[in-house]
Amino acid sequence: MAKVAMKVNGKQMSGDVEDRTLLVDFIRDTLALTGTHIGCDTSQCGACTIQLNGRAVKSCTMLAAQAEGADIMTIEGLAQGDKLHPVQQAFTECHALQCGFCTPGMIMASVGLLKDTPKPTDEEIYHGLEGNLCRCTGYINIVKAVKRASQLMAG
Amino acid sequence: MAEVFKGRREDRRLMTGVGRYTADWDLPGQLYGVFLRADRAHALMRSVDATAARKHPGVISVITGADLANAGFKFPGTMVSYPGRGGQSVKVPQRPCLARDRVRFVGEEVALVVATSKLAAQDATELIAIDYEDLPVVAHPEDAVKAGAVQLYPDIQNNICFDYEYGNEAATDAVFAKAHHVTRLKIESQRICGNPMEPRAALVAYDAAADRYDVYTSNQGPTMFKPGLAYVSGVPPEKIRIMPLDVGGGFGLRSGSFPEHVVLMYAAKALGKPIKWVGSRFENFVTDPHGRAIVIEGELAMDQGGKFLAIRTNWLADQGAYLTAAGPLINTANGMLTLSGVYNIPVGYGRHRLMLTNTTPTGPYRGAGRPDMAYICERLVDQAALEMKIDRAEIRRRNFIPKAAFPFKNAAGAVYDSGDIEALINHALEASNWSSFEARRKQSSANGKYRGIGCATFIEPAGGGAAPKDQAAVRFEEGDKIALIAPITPHGQGHETAFPEIVARVLGVPPESITLRGLDPHHSIPLMGNGVVGSRTAMHYGSALKLAAGEVVKKGLELASRKLEAAPDDIEFKNGRYTIKGTGRSVGLFDLAREHRPDASHPLNANGEWTLSRSFPSGAHVAEVEIDPATGMVDIIQYTAVDDCGDIINHTLVEGQLHGSVLQGVGQVLGEIGYYDRSNGQFLTGTFMDYYMPRAGLVRNLQGHELNVRSPTNPLGVKGVGEAGTTGSLPTVVNAIVDALKPLGIQHIDMPCTPARVWEAIQAAQKH
Amino acid sequence: MYNLTYKRAKSIDEAKQFIGANPDAKLMSGGMTLLPTLKQRLAQPSHVVDIGGLAELRGIEVKGDRLIVGAATRHFDVASSAVVKKAIPALAYLANLIGDQQVRNMGTMGGSVANNDPAADYPSAVLALNASVVTTKREIAADSYFKGVFETALEAGEIITKISFPLPKRAAYAKFAHPASGYAMTGVFVADFGGGNIRVAVTGAGPGVFRWKEAEAALAKNFSKQAVSGLAVKADGLNADIHAPAEYRANLVKVMCERAVQSIA
């Protein structure tokens, strides 16, 4: 057991966990932020995507201890109070979510891809979302939502 | 109705991370369960030794099959209540909740380890020693019926648990014997892993004082889920509460209860603590019911003019090692219901043999028999067109059920409620630029690519169910709010948005004032009904709510009559207000509601119900594909879907259902397969590294069109929509691929049309 | 995951000493292969020694006629680096095809090269570009570095610090991604150093990255797609599994090589 501490959604947080604890389990079980989901065991589905020091990563493929001292944002930290983040706004407007399980990871990955590619082409969106699986939407409306978010963010 | 879609009511919670799926629930003092599962497909269990596991730090208990021997559990049954060939009934294999003396598939539950942490429980499962004696395996439906195949159960001969038939065998044989031409095809609808993105999980608590179980688990409706759980566990249904929560996808897989739930109930009571189990993706791969796994031989008889005279299908449907409740039902009834597809075929016959193999049990997966039937039927039609040298659209037109012939009784006796098939295909051909396709084929050919176009016209059953009716309630609450109560568990369909819209339209109040709630287990209104399955929820619960809302209006009229001191006949109801005709004197629905206590006795509260009915959504889909012969890669250039799903409640939600279901079908066509090594029954596609899943960009251009004929079968006039896309896309895309490969002389290719398989087919064709 | 102790190294020397003192410890850079392996309980190291955050292992620079990439440089940094795009654009292109966005944000070049997954992308670039693998002990030429499935010339306790690439005249990578995993079903990296010095390396198709010498010879004479089209690739020894037979991979070796060549010919 060791203490790990990091900034999560702007707040300093810490907890005592076994060294083998994955970051996603720390976020969900220790910090009780259950918006970050686990959809597979092999780092393929992307449901656990968060922002680590401003970059999209899979929190299931990191140890909690690895994130010691890091700045993390989970889906719970994305909206500003009642005001949705433009990616969230676009997801709801475009009906880009159905069951919603993949959605937090999909949104975090979209935020990441828009950071690197503010005006993405369709191909760039497919490429940026390669690490995220959705079984409900067929991705059609997710792709639309990323484009819509790009517009919203451009103002 | 061209209103702007403003998002769903459920979206905010799901997008901000405050939705609560099963794994997001915790209860004070909970323990953690991990299942040990069989690592082999077929073996006798000589002994199970959990001594070391029980001693492992943090372990509270290890429960094995022997521990459950006297638990009083029953073996699960099936939903099939009708007889098969020769009056036989389904032979149901006895499935213990934890294997006792024999395991029959990789993943079968063997023991439950309960510990103070998940990690400790995981560590301890590795310490359980099982002495297995391996047995030969059968891992494919065709292997199961071979002479000399190992028998899974001594009392189930030839591994066939049900032999079912419909239509008229003798009359069909007679037509085939004399037909001008017969087209024959054998197809396989391969085993599919449904893979809802939320892994299966459960949290079970037992309240000793109340003698009651609370079950938190992803499900497709408590009224469907609970009976199986109560039956197997022997716990009366009223002592089980299925807690409402968010469900991360179902697709049919989450409709029934599983051995895990029963074992967790047992453990929660025995240990006096809530127990949480969160399955891994691998566990989902090997224990969530698989879909399809069907081999079908089909034959179509026709006259000289390409007029279809008879159809015959012969199914081998793999049920896996045990039966799921719905498996035998969907693999028989859904074939029967659409035996002759969208065609006016006077006679037909279908035979379905359901077999047991050393594989994960199969059950409903989006479409559940519908795509398979549409697939064989529409592949036969395309093949017939080829053999008869008749244009593919033309041969269909010659055989369509005319619009005026609806309601139409098909060759198996099922009645299609309504439709206009010819209009669907006309629209689809036009929207897909079908007539100018050959120029595009040439263009691709000049670039070294094979281009193809394919269509399918299909009809599929929506509705039906086990409970005789579906009930819902409208309840007036404080502050001009209305609650809708229905025993359903939405999991992506958007019921929380659509159902208030249905009621709002009747009551003339803003939809925002209405909220859909699941069955509140704490203040239960006894409502009966079926699960969120079979493309049936809007038809039945939507109709029940519409009727309940009508009841509210009627009850309101009485109150308004008293309030306005006018005869009911002199009062009209419009836009949420009761007005004395020809005057300005009126009272609003909520004005009346406010005069009474907002509780169960509120005089405006009303219930509604709708009895079992069935509608038949239909569609015409067209896919255009391009194949790179160098790699075998199939690119879907355009997908056009024209669907008749009756009257529409919310267009955006309908379109969303179509997108998802088309892509699930395309996934099956292009890559998905749950693959067993036929020699040893090992499951080789147990991760997303090996199991193909559609990703963003798989279908780039998907155009959906509505061409709706109102269904006369329910008050809303709706048909189902959840499964139409999957039903249409299997035959559509394969027909397009075969069309692309036609210049090489290829007439059929089995799914999944992976790059390697397509490339191999091209190589083989080029050698000839 | 089995029980283990996490250790974040403060320097490469500390990591070296720690690994030396703990034979069952495992180095971790980005963790993109190690952590999934540990999650599946396929390995049981006593310690995980994290070197992914060491600044001394990061960085991209051109020194003389070589491009030097620090071992802990993330795929994203290589893919988006103006220096790499100018020096060896094919390497940046390849880096952008590794895994997915999230993997590229964590995974490192050194980790990929040390692990030598037979379907990883980087080994093909390292081998085709005739790069040197620089370690805490020595410099290893690519031709003697890769030894087969997950096997390399690295000795116990030896840590990759950087990869040094000679600059080719032109180079290209073509990849056919595995439809499920996204790894290379087959990836071919072609590098032309001028004067008939052509190197072609293949990943994904066989039990480890290998050079396709027939293609090198043919391309040395005539750097064109046609030169490759005339060659035959034997399926013997190539990977065969439920996803594709060896013959298919043999075909992909040729097709991907053709496409790589065509993109720069």
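When B:Pro617, B:Pro598, B:Pro603, B:Pro629 are checked against the criterion of being in contact (Cβ under 8 Å) with a residue 40 or more places away in the chain and within 14 Å of chain C (Cβ to nearest Cβ), a single residue qualifies: B:Pro629.
Of the residues in segment C:198-213, not one is more than 24 Å from C:Ser181 (Cα to Cα) and among the polar types (S, T, N, Q).
Which of the residues spanning segment B:269-284 are within 11 Å of another protein chain (Cβ to nearest Cβ) and either under 23 Å from the mean Cα position of the chain (by Cα) or farther than 30 Å from B:Met689 by Cβ (or both)? Spell out the reasoning first.
Pass one, segment B:269-284, residues within 11 Å of another protein chain (Cβ to nearest Cβ): B:276, B:278-284.
Residues satisfying the conditions are B:Val278, B:Gly279, B:Ser280, B:Arg281, B:Phe282, B:Glu283, B:Asn284.
The residue pairs whose first member lies in segment C:130-148 and is touching a residue at least 60 places away in the same chain (Cβ under 8 Å), whose second member is in a helix (DSSP H, G or I) and basic (Lys, Arg), and whose beta carbons are closer than 7 Å, counting only pairs six or more residues apart or on different chains, are C:Thr136/C:Lys16. Being in a loop (DSSP other than H, G, I, E, B), among the hydrophobic types (A, V, I, L, M, F, W, C) and modelled with pLDDT of 95 or more is a condition met by at least one residue of segment B:396-411. Put simply, of B:Asn159, B:Asn219 the only residue that is touching a Ser or Thr at 6+ places or on another chain (Cβ under 9 Å), outside the structural domain of B:Val80 (by TED's automatic domain parsing), surrounded by 22 or more Cβ atoms within 10 Å (Cβ to Cβ) and not basic (Lys, Arg) is B:Asn159. Those residues that are part of a strand (DSSP E or B) and either among the basic types (Lys, Arg) or in the same structural domain as B:Ile294 (by TED's automatic domain parsing) (or both), I need them from segment B:195-214; list them, please. Residue satisfying the conditions is B:Arg212 alone.
The requirement of being part of a strand (DSSP E or B), touching a residue at least 12 places away in the same chain (Cβ under 8 Å) and surrounded by 15 or more Cβ atoms within 10 Å (Cβ to Cβ) is not satisfied by B:Val90. When residues in segment C:154-203 are screened for being buried (at least 21 other Cβ atoms within 10 Å of the Cβ), more than 14 Å from chain B (Cβ to nearest Cβ), among the aromatic types (Phe, Trp, Tyr) and more than 13 Å from the chain's Cα centre (by Cα), 0 of them pass.
Do you know which of the residues in segment B:686-733 that are among the hydrophobic types (A, V, I, L, M, F, W, C) and either assigned to a strand (DSSP E or B) or in contact with a strand residue (DSSP E or B) (Cβ under 6 Å, 6 or more places away or on another chain) (or both) is farthest from the other protein chains (Cβ to nearest Cβ)? Step through it out loud before you land on a result.
Start the filter on segment B:686-733 by keeping residues that are among the hydrophobic types (A, V, I, L, M, F, W, C), which leaves B:688-689, B:693, B:696, B:698-699, B:702, B:707, B:709, B:716, B:718, B:721, B:724, B:730, B:733.
The next check asks that each one be either assigned to a strand (DSSP E or B) or in contact with a strand residue (DSSP E or B) (Cβ under 6 Å, 6 or more places away or on another chain) (or both); those that pass are B:699, B:702, B:707, B:709, B:718, B:724, B:733.
On the way: B:Val699: 7, B:Leu702: 5, B:Leu707: 20, B:Val709: 25, B:Val718: 19, B:Ala724: 13, B:Val733: 13 Å.
Across segment B:686-733, the extreme among qualifying residues is B:Val709.
If you go through segment A:34-54 and keep only what is in a strand (DSSP E or B) and out of contact with any Asp or Glu (no Cβ under 9 Å at 6 or more places or on another chain), you end up with A:Thr49, A:Ile50. Of everything listed in (1) more than 7 Å from every other protein chain (Cβ to nearest Cβ); (2) in a helix (DSSP H, G or I), the single unmet condition for A:Gln88 is (1).
Rundown of residues vs (1) of a type in the set (D, E, K, R); (2) in contact with a strand residue (DSSP E or B) (Cβ under 7 Å, 6 or more places away or on another chain), yes/no style:
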site	(1), (2)
B:Ile390	no, no
B:Ile395	no, no
B:Arg398	yes, no
B:Glu422	yes, yes
B:Gly464	no, yes
B:Arg475	yes, yes
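For B:His491, the conditions (1) closer than 22 Å to B:Arg536 by Cα; (2) away from chain A (no Cβ under 14 Å) all hold with the exception of (2). Of the residues that make up segment C:25-41, is at least one in contact (Cβ under 8 Å) with a residue 12 or more places away in the chain, of a type in the set (Lys, Arg) and touching a Phe, Trp or Tyr at 6+ places or on another chain (Cβ under 9 Å)? Scanning segment C:25-41, I find at least one residue that is in contact (Cβ under 8 Å) with a residue 12 or more places away in the chain, of a type in the set (Lys, Arg) and touching a Phe, Trp or Tyr at 6+ places or on another chain (Cβ under 9 Å), so the answer is yes.
Results for (1) over 30 Å from C:Ala171 (Cβ atoms); (2) away from chain A (no Cβ under 12 Å), shown as yes or no for each residue.
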{"residue": "C:Lys7", "(1), (2)": "yes, no"}
{"residue": "C:Gly20", "(1), (2)": "yes, yes"}
{"residue": "C:Ile60", "(1), (2)": "no, yes"}
{"residue": "C:Ala72", "(1), (2)": "no, yes"}
{"residue": "C:Phe76", "(1), (2)": "no, no"}
{"residue": "C:Val84", "(1), (2)": "no, yes"}
{"residue": "C:Ala92", "(1), (2)": "no, yes"}
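The values are calculated or read from the model by the stated rules, or taken from the named source; none is laboratory data. Values in this document were obtained by computation on a predicted structure and should not be read as measured data. Heads up, the Cβs are rebuilt from the backbone with ideal geometry, glycines too, and the neighbour counts pull from every protein chain shown.
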